[in-house]
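Any read-out appearing in this document is the output of simple, stated calculations on the displayed coordinates, not a laboratory observation. What you are looking at is a predicted structure, and each value in this text was computed from that prediction instead of being measured. All Cβ positions, even for glycine, are placed from backbone atoms using ideal geometry, and neighbour counts span all protein chains on display.
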Amino acid sequence: MSAKIISGTETAKAIREELKVDVAALKKKHNLVPGLVTILVGENPASQSYVAAKNKTAHNLGIYSEQVTLPADTSEEDLLALVAQHNNDPKIHGILVQLPLPKHINEAKVLYAIDPGKDVDGFHPVNVGKMMLGEQCFLPCTPHGVLELLLRSGVETSGAEVVVVGRSNIVGKPVANLMLQKREGGNATVTLCHTRTRDMDFHTRRADILVVAAGVANMIKADQVKEGVVVIDVGVNRIGMSESGKAILAGDVEFDSVKEKAAAITPVPGGVGPMTITMLMKNTVQAARQSAGLE
Ligand code: GUN
């Protein structure tokens with residue numbers, strides 16, 4: 001058996017078409033243009049390419065976007081002042097500070113300074129807390145993308161054994177939390193594995209749905225999954241450079257062998273990545289609607 005390939009590229013495209021319609025309607029009916037600012041500190045190449053992709057996608061959907069790029073030695077104070085300035089800018093509905101930040105800046109302090117109503121990354125503790133409680137909030141983009149991908153691919157999560165590998169605040173913890181919520185896309189029995197898990201293979205082999213966000217290239221092999229599993233690979237690992245200077249990417253799952261056993265699997269690239277950016281756009285539109293009292 002060879003797995004069905006769950007294309008994030010195709011699913012993201014469909015959601016973007018829906019968003020384009022929403023953005024055009026907001027402009028026409030309410031003269032409202034959603035606005036996003038991305039803030040990048042330093043010159044991390046992966047971050048540069050993510051931020052460029054976010055701004056390009058915003059532009060293509062008719063979302064106003066500003067890209068602020070600051071030198072690596074920017075002070076925490078200056079960054080906090082920039083966040084405050086955008087908190088007070090009515091054109092801007094969403095603020096995204098690209099992570100990781102340089103070591104001399106306290107990441108939590110910066111994220112906590114973002115107005116929770118403009119926190120389109122869903123990283124502010126107010127939004128994290130609301131997510132945990134199952135209340136309406138900004139959901140973090142990658143976990144939300146994973147959920148949407150499962151939903152739109154017709155994968156039943158209710159009652160499923162879901163195993164998540166990786167306990168980061170950005171992916172592992174929120175994915176686990178969202179998949180156990182009592183609502184569509186949730187209702188799963190969730191196990192969260194991490195670097196101290198005693199017998200990882202025991203857990204991964206039980207999974208009906210395996211979500212891997214460990215940040216280790218090709219970590220999960222075919223002998224660690226069961227026949228018929230649905231695999232969502234969140235890993236984006238740069239494993240080399242092509243002759244033309246493009247990064248060569250690999251997921252956390254050994255795609256070629258695992259796809260022979262899985263019922264469905266996401267590729268890297270073209271899996272979760274495009275969904276992350278798309279959910280950021282969805283959150284930005286939601287932020288604009290909320291700011292205008294439309295929801
Ligand atoms: N770095 C890696 N993923 C993300 C993300 O989703 N948002 C931000 N702001 N930084 C990231």
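Considering only alpha-carbon pairs that sit under 8 angstrom and 6 or more positions apart, the relative contact order computed for the chain is 22 percent. Ratio to report: Rg/Rh of the chain, with Cα atoms as the point set and Rh obtained by the Kirkwood method; give two decimals. Radius of gyration over Kirkwood radius for the chain works out to 0.97. Take every Cα pair under 8 Å whose residues are at least 6 apart in sequence, average their separation, divide by the length of the range 1-112, and the relative contact order is 31 percent.
Taking the Cβ of each residue in Val253, Val165, Val33 as the centre, tally the other Cβ atoms inside 10 Å and list the residues starting with the fewest.
Listed from fewest to most nearby Cβ atoms, that is Val33, Val165, Val253.
Checked against a 26 Å cut-off, the cross-linked pairs Lys28/Lys130; Lys20/Lys109; Lys20/Lys173; Lys130/Lys173; Lys109/Lys130 give Cα-Cα distances beyond that limit for Lys28/Lys130; Lys20/Lys109; Lys20/Lys173. Model label points for Glu243 and Ala84, set 7 angstrom from Cα along the Cα-to-Cβ axis, are 5.4 nm apart. Of the beta bridges in the range 116-259, as assigned by DSSP with both residues counted there, near 20 percent are antiparallel. Put a plus charge on the Cβ of each Lys and Arg, a minus charge on the Cβ of each Asp and Glu, and nothing anywhere else: the dipole of the range 22-124 about its Cα centre is then about 580 debye. Computed 3J(HN,Hα) for the range 164-172, one whole-Hz value per residue from the Karplus formula 6.51 cos²θ - 1.76 cosθ + 1.60 where θ = phi - 60°, is 10, 10, x, 10, 5, 5, 7, 10, x, glycine and proline marked x.
Here the alpha carbons of the range 160-228 define both size measures, Rg and Dmax, at 11.6, 33 Å.
Cα convex hull, the range 1-144: 147 Å³ per residue, rounded to a whole number. The largest-to-smallest principal axis extents of the Cα set in the range 239-295 are 49, 34, 13 Å.
Summarised as an ellipsoid, the range 118-271 has semi-axes of 24, 20, 14 Å, derived from the eigenvalues of the Cα gyration tensor scaled by 5 and square-rooted, with the largest first. Taking the range 205-225 and a reference point 7 angstrom along Cα→Cβ of Ala263, the backbone N atoms nearer than 13 Å belong to 207-210.
By DSSP, the beta bridges lying fully in the chain are antiparallel in about 10 percent of cases. A viscosity of 1.567 mPa s and a temperature of 4 °C, combined with the Kirkwood radius over C-alpha pairs in the Stokes-Einstein formula, give the range 23-94 a diffusion coefficient of 97 µm²/s.
Note on Asn31 and His104: with the Förster distance fixed at 41 Å, the Cβ-Cβ geometry gives a FRET efficiency of about 0.45. Over all Cα atoms in the range 194-295, the spread is summed up by Rg and Dmax: 17.1, 52 Å. The packing ranking of peptides 54-60, 91-97, highest mean first, is 91-97, 54-60, where packing means the average number of other beta carbon atoms within 10 angstrom of each residue. Placing R0 at 41 angstrom, the Cβ-Cβ distance between Leu70 and Gln290 gives a FRET efficiency of 0.90 after rounding to 0.05.
Computed on the range 100-236, with alpha-carbon pairs under 8 angstrom and 6+ residues apart, the relative contact order is 19 percent.
Over the Cα atoms of the range 206-248, each weighted equally, I'd like the Debye log10 I(q)/I(0) at q = 0.13, 0.32, 0.33 Å⁻¹, rounded to two decimals. The Debye formula, applied to the Cα set alone, gives -0.38, -1.14, -1.18.
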